[in-house]
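These notes are about the structure you will find just below.
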Ligand SMILES: CC(C)(COP(=O)(O)OP(=O)(O)OC[C@H]1O[C@@H](n2cnc3c(N)ncnc32)[C@H](O)[C@@H]1OP(=O)(O)O)[C@@H](O)C(=O)NCCC(=O)NCCS
């Protein structure tokens, strides 16, 4: 499987090759001891993914790719699986990514199966040719989201957020309204994935309760889910959020340089997406 981490060349990003960046998350949990998770960002054109899918797809995932799929859905399915397999390959280099299948569960949530993957979970999100995924130990549930920041969505996103959380984020983030609202939206969606409910619940339930700026990005807690924290990043026109259990249940070791590298990759992915 090819998950080599590419760096932007002086001549600019090479659109035909995939962009992959991974970030290892060191988690300290008093109940279970130290754990690791891996966050992956990937961007690749549909023809590259189709040509290389034999290197990362399980047969059961291949079966999801019916001829009836719209090209956009096919691209999302492939880039999401590719990012997830890159994360899994870093977390469990002893496992063949083709032996692990990510199939939809009854709530459409991603369910990982295959020898060696029993105690692992996956969350993923795609936006055009870009995807993020996090592979985590089931002991430490996580959710992830990725969205394009579009000024045209401001009115819609304003209706999907409450005034208190909009004020909280505006006080902490010196960014345009579309970015602030999209980052709030991503945080809610990432929480909904960690909870497995998706956006089928009243959005007010997923409201942000506190926000604080700082490395590695905007950090939040949630008004109704005190066990979880959210981290929000944005670069170019992409916003991403990761939700995971918060201290004291789990402490994430700081690694400012690795997060900055990940944020730079998000900038490059945004630039590539704009070309796609
Ligand atoms: C989860 C959800 C918020 C994602 O929305 P989105 O912005 O369109 O898409 P994203 O790219 O961010 O995420 C898509 C991924 O979320 C994951 N996902 C879907 N439903 C999920 C759930 N209930 N819990 C956790 N993750 C879920 C999937 O892995 C999906 O990608 P895949 O289909 O390629 O495997 C949205 O699809 C939703 O609300 N789903 C709930 C649907 C539901 O409950 N159906 C019940 C059927 S009985």
Within the stretch 104-127, restricting to residues that are surrounded by 14 or more Cβ atoms within 10 Å (Cβ to Cβ) and within 8 Å of the ligand (Cβ to nearest atom), the one that is farthest from residue 196 (Cα to Cα) is 127
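Each row is one residue, and each column tells you yes or no for (1) within 16 Å of the ligand (Cβ to nearest atom); (2) surrounded by fewer than 16 Cβ atoms within 10 Å (Cβ to Cβ).
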position: 175; (1), (2): no, no
position: 179; (1), (2): no, no
position: 185; (1), (2): yes, no
position: 199; (1), (2): yes, yes
position: 202; (1), (2): yes, yes
position: 210; (1), (2): no, yes
position: 217; (1), (2): no, no
position: 224; (1), (2): no, yes
position: 238; (1), (2): yes, no
Which of the residues that make up the stretch 177-200 are outside any helix (DSSP H, G or I) and within 16 Å of residue 124 (Cβ to Cβ)?
195, 196
Residue list for the stretch 51-71, filter: assigned to a helix (DSSP H, G or I) and at pLDDT below 95
71
Can you work out which of the residues in the stretch 68-95 that are more than 9 Å from the ligand (Cβ to nearest atom) and over 23 Å from residue 24 (Cα atoms) is surrounded by the most Cβ atoms within 10 Å (Cβ to Cβ)?
75
Would you confirm whether any residue within the stretch 151-163 is within 13 Å of the ligand (Cβ to nearest atom) and not in a helix (DSSP H, G or I)?
yes
Could you please let me know if residue 269 is within 16 Å of the ligand (Cβ to nearest atom), assigned by TED's automatic domain parsing to the domain that holds residue 111 and under 19 Å from the mean Cα position of the chain (by Cα)?
yes
Do the conditions hold for residue 239, that is, is it out of contact with any strand residue (DSSP E or B) (no Cβ under 6 Å at 6 or more places or on another chain) and touching a residue at least 12 places away in the same chain (Cβ under 8 Å)?
no
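The values are calculated or read from the model by the stated rules, or taken from the named source; none is laboratory data. This structure is a prediction, so every number in the text was calculated from the model and none was measured. Here Cβ is always computed from backbone atoms with ideal geometry, including for glycine, and neighbour counts include all displayed protein chains.
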